[in-house]
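Here's the structure, in structure tokens; my notes come after.
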Amino acid sequence: MIKIISYGDRITEGNYQLHSRFKNYLNLACRNKLVTITDRSENNGPVNIILEKLPELRTQIIPIRKNEIMLNCKSYSFKNSRKFNSNLHINPSQFISLINKIDLIQNYLLENGSEASLKYLLDKQLYVPENNFQGKMKYSLQQGVLKFLAGEVAAGIKQIKGKGIGLTPSGDDLITGILYGLFLLQTQGFDLTELKKTILRNSLTGNLISGNYITLAAAGSFFNDFKQLVLALTTENNEELALKTAAILRKGETSGADMLTGFILTLQKKELLCNSSFLVN
């Protein structure tokens, strides 16, 4: 018997097929939409379905409807399961607390984040490229970020996207973090609609998984680990904040660190990005 523990609030109806399988995850795809089935209860997300145990799929098509999923030709209802809320609202006083603690998570990232991550982008000194593939890629990413911050948003994002190795390239994870940061700035009354549209329009590649993260971040739909980090930033509990930051850094080899880099960078540059004279092109 398959038991559904929880399901996300941004799951789209459709006839899905297996996209990729890992030890604790099944990624299902329907056109440009993705749903992830997992048995990891801590990995709630807007398009995640948490099961007590992962099934062996015996059918190619996995239909998902408003209130049910069909697994191996049998219907399982969402009605008696928890619905994960991916929305997040931060009031002005919480936002001030969050901004005041950005340095704490930056220091934690710099001390504990993978050396293969993009955390070097937070260094005040510009990266001096080494004459090898990795060095050239790091330099190109840095130049993309500098273009973005100079208002050449489309050109900068195009230079960032798809760069790096892994299931979700580092550049794509950085863009996800940037969009998370921009969403929080929008909750404080800043109109960043055109900036976000320009980023989204120029960021998507053929990578369905990273595209899923980017699209959801642009819509302000948070996965549980990042939502918990943001909430921890609004409290006085620094030990809890360290735990939530560590949880982000465990996300993939560098994915969490790269998302966090984009998130921190965006909030540190909030005056620039929210200024009405910031040119978006």
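The values are calculated or read from the model by the stated rules, or taken from the named source; none is laboratory data. Just so you know, these numbers come straight off a predicted model, no measurement behind them. Cβ atoms come from the backbone with ideal geometry, glycine included; neighbour counts cover every protein chain shown.
Quick notes on this structure:
- Test for Lys23: is it surrounded by fewer than 13 Cβ atoms within 10 Å (Cβ to Cβ) and under 30 Å from Ala242 (Cβ atoms): yes
- Subset tally (residues that are part of a helix (DSSP H, G or I) and more than 23 Å from Arg250 (Cβ to Cβ)) for region 213-233: 2
- Of all residues in region 202-212, those being within 19 Å of Gly156 (Cβ to Cβ) and either over 10 Å from the mean Cα position of the chain (by Cα) or without any contact (Cβ under 8 Å) to a residue 60 or more places away in the chain (or both) number 6.
- Scan region 1-20 for residues that are in contact (Cβ under 8 Å) with a residue 12 or more places away in the chain, more than 13 Å from Leu216 (Cβ to Cβ) and surrounded by fewer than 20 Cβ atoms within 10 Å (Cβ to Cβ) and the total you get is 11.
- Number of the condition not met by Ser41 [criteria: (1) surrounded by fewer than 12 Cβ atoms within 10 Å (Cβ to Cβ); (2) touching a residue at least 24 places away in the same chain (Cβ under 8 Å)]: (1)
- Residue list for region 221-279, filter: among the hydroxyl-bearing types (Ser, Thr, Tyr) and within 19 Å of Tyr25 (Cβ to Cβ): Ser221, Thr254, Ser255
- Here is the figure for region 27-43: residues that are within 16 Å of Asn224 (Cα to Cα) and either in contact with a Leu (Cβ under 7 Å, 6 or more places away or on another chain) or modelled with pLDDT of 95 or more (or both) total 5.
- The set of residues from region 108-135 being of a type in the set (A, V, I, L, M, F, W, C) and touching a residue at least 60 places away in the same chain (Cβ under 8 Å) comprises Leu109, Ala116, Leu118, Leu121, Leu122.
- Restricting region 30-56 to residues that are more than 18 Å from the chain's Cα centre (by Cα) and assigned to a strand (DSSP E or B), the residue that is farthest from Ile69 (Cα to Cα) is Cys30.
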